[in-house]
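Colleague: There's a structure below that I have some questions on.
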């Protein structure tokens with residue numbers, strides 16, 4: 001369920017958690033969200049650049065597992081301080 005408010009979009013909790021882990025905030029940023037798929041890297045999240053880096057050799061299942069971990073455990077974000 002997506003609901004619009006005056007200044008923002010209210011998003012489902014799972015998506016809020018992913019956004020919080022990805023960007024540091026539980027709402028959509030004004031800048032683009034970036035996914036980079038590259039060789040010879042570890043799975044990384046760079047909140048300053050709204051960027052997730054995924055190793056090119058990852059299978060779809062590995063990507064799902066990492067994103068699930070982000071949704072479940074990487075949700076501290078800046079707004080929780």
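The values are calculated or read from the model by the stated rules, or taken from the named source; none is laboratory data. Just so it is clear, the model here is predicted, and its values are computed rather than measured. Every residue, glycine among them, receives a Cβ derived from its backbone with ideal geometry; neighbour counts consider all protein chains shown.
Colleague: Pick from 79, 74, 24: which is within 12 Å of the chain's Cα centre (by Cα) and modelled with pLDDT under 80?
Modeller: 74
Colleague: Then there is this: Across region 47-66, what is the number of residues that are assigned to a loop (DSSP other than H, G, I, E, B) and exposed (fewer than 14 other Cβ atoms within 10 Å of the Cβ)?
Modeller: 3
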